[in-house]
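Scroll down for the structure; my scribbles are underneath it.
Please treat every number below as a calculation from the coordinates, not as lab data. A quick note: this is a predicted structure, and the numbers were derived from the prediction, not measured. Here the Cβ is made from the backbone with ideal geometry for all residues, glycine too, and neighbour counts use every protein chain on show.
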Amino acid sequence: MVKLEQRQGPLLDWRAFVEALSDGVVVIDDAGFIYDVNESLLALSGYEAHELVGRTIDVLVPEALRERHGRVVEKFFESPSSRSMGQAREFALRRRDEGVVYVDISLAHVNVDGHAWVVASVRDVSAQRESRVRLERLEQRFRLAFENSMAPMIFTDLDDRVVAANDAFCAMLGRSREEVMHEDSQSFTHPDDLGITEGFHRRLVVGDEEKVRYVKRYVHRDGHEIVVEVLKAPARDENGTVLYYVVSERDITEESELTAMLTYQALHDPLTGLANRFLIENRLAQAKTAVARYGGLGAVILIDLDDFKRVNDSLGHLAGDELLRAVAARLSGVARDVDTLCRFGGDEFLYLAERLSDPRDALGIAERLLGALEEPFAIAETDVLQRVSVGVAAWGLARGDGENVIEHADVALYRAKRDGKHRVVIYDEPTDEDLSPKP
């Protein structure tokens, strides 16, 4: 064979050109023998030129790939014009030390004086392949973690519709994957919580938040409510463009129920279920703020059971507790929705009346509470006629800011007891007798 570089003219420039390339170049004849290589190919393969020239191209092909490679070359020679610029393929190049380098190979067909040649351009893509393989493995691990996670998870598109859902999410809702795909969360959200997801999603879209966390309720297929904590964040490409949203959720239904139960217990009297002192003091502070801001009146009504001790002494403490529960039920039955009834301690109840326009409104409420207890109670197979005394103190307008309203109601209650019991007394300025020690 005549070496290409021994010919005169343009091929001398060809040699200079291919040696300047960073890609490896190998020239093969139509029989598959290596005719020439450049320095980049030698550096890539670890061979010397004399170890390659004159040998078949198989010397550079790992044994496991030679059959496939032979078919590619054969097919190329059958119709070289169809790929005159070559076709890039990821392949493996066998090095002199038996190692393997992953490469892209582009094949081109050249005719010189009636001779057919294949010029192969070989580019090392080991680093890119390693990165891709690493990324594929990460994606596979992420997919496995997503699919097998005990935490309910979904991916949503830019319109916040589900594009992927794991088994845990479907199980939480009692729905199949087909039923949740391409739906937005409104399809499963409790009617009272519609808009929560949309509001937080909008904050992500406009960039107010990088991630959001919120609580909402779903409706299970069987109708029961599910309380979930949602963590939502965007997945972005290298340019920062949002590709989709990753949503991880946690079923906190039991936790929420326990919290509600503990909160209720902390704020309510265990015997009667009414508000306790802590809760009524909080409600009273809110009521004072509302009157100061919007005007109107508020009132505290103290209700004390007359001669309650005789019930405990004659019928026992269990009967006394039963009577307290029955009194609480009667008072609750006539209470307004905007007001709060509290067991203030022992046999004393406090009623917080709000949104009044006249002090006489408070008197009307007090008389209604008094009237609710007129009928006897059936306690321990005994009819018990339980009387009460009531003290009323209002605040707002010209009646002050309510700072000492409970003390004022207590003064009025003392007057009701002093003046014969079973009556309602409204507070006015105290007398010396009011301020003297109570018996």
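Taken about its Cα centre, the range 227-327 carries a charge dipole of roughly 540 debye when the Cβ of each Lys and Arg holds +1 and the Cβ of each Asp and Glu holds -1. Net length available on complete extension from ASP337 to LEU271 is 21.6 nm, with 0.36 nm assigned per residue and the Cα-Cα distance removed. The charge dipole of the chain, taken about the Cα centre with unit charges on the Cβ atoms of Lys, Arg (+1) and Asp, Glu (-1), comes to about 480 debye, rounded to the nearest 20. Among ILE57, ILE154, ILE301, whose mean-square fluctuation peaks in a Gaussian network model of the chain (Cα, cutoff 10 Å)? Highest fluctuation of the listed residues: ILE57.
Excluding PRO191 itself, calculate the net charge of residues whose Cβ lies under 13 Å from the Cβ of PRO191, where each Lys or Arg counts +1 and each Asp or Glu counts -1. For residues surrounding PRO191, the net value is -1. Helical runs (DSSP H, four residues minimum) scored at -39500 (n - 2.57) apiece and divided by the length of the chain put the mean residue ellipticity at 222 nm at -12000 deg cm²/dmol. Toward the positive end of the charge dipole of the chain, with +1 on the Cβ of Lys and Arg and -1 on the Cβ of Asp and Glu, the farthest Cα among GLN128, PHE17, VAL227 is that of PHE17. Projecting the Cα atoms of ALA260, THR289, ALA416 onto the dipole axis of the chain, where Lys and Arg carry +1 and Asp and Glu carry -1 at the beta carbon, places ALA260 farthest toward the positive end.
Annotation for ASP428 and VAL206: the two label points, set 7 Å from Cα along the Cα-Cβ direction, are 5.7 nm apart.
With each label modelled as a point 7 angstrom along the Cα→C-beta vector, the ALA233-ASP113 pair spans 6.7 nm. Between helix 253-267 and the chain there is an angle of about 30 degrees, using the helix long axis and the longest principal axis of the Cα atoms. Full extension of the chain between ARG15 and ALA329 yields a length gain of 102.6 nm, computed as 0.36 nm times the residue separation minus the alpha carbon distance. Using only Cα atoms, what Kirkwood radius does the range 164-251 have, in angstroms? After inverting the mean inverse Cα-Cα distance, the result is 13.8 Å. For the chain, a Gaussian network of Cα nodes joined below 10 Å ranks VAL291, VAL25, VAL112 by mean-square fluctuation, and the top entry is VAL112.
When the charge dipole of the chain is built from unit charges on Cβ atoms (+1 for Lys and Arg, -1 for Asp and Glu) and taken about the Cα centre, the candidate among ALA353, LEU302, TYR214 whose Cα reaches farthest toward its positive end is TYR214.
Diffusion coefficient (Stokes-Einstein, Kirkwood radius over C-alpha pairs, 25 °C, 0.890 mPa s) for the range 268-435: 152 µm²/s, rounded to a whole number. Computed over the chain, the quotient of the alpha carbon radius of gyration and 2.2 N^0.38 Å is 1.99.
Between ALA151 and ASN282, the FRET efficiency from the beta-carbon distance, with R0 = 35 Å, is close to 0.45. Annotation: amide H-H contacts under 5 Å for VAL103 (H modelled 1.01 Å from N, sequence separation of 5 or more, or interchain): PHE91, ALA92, LEU93, VAL125.
Counted by neighbouring Cβ atoms within 10 Å, the residues ILE406, ILE28 run from fewest to most as ILE406, ILE28. Neighbour counting of Cβ atoms within 10 Å sorts the residues THR253, THR156, fewest neighbours leading, into THR253, THR156. When Rg and the Kirkwood Rh are both derived from Cα coordinates, the Rg/Rh ratio for the range 196-354 amounts to 1.20.
Each residue in ARG137, ARG203 was given a count of other beta-carbon atoms within 10 angstrom of its own, and listing them fewest first yields ARG137, ARG203.
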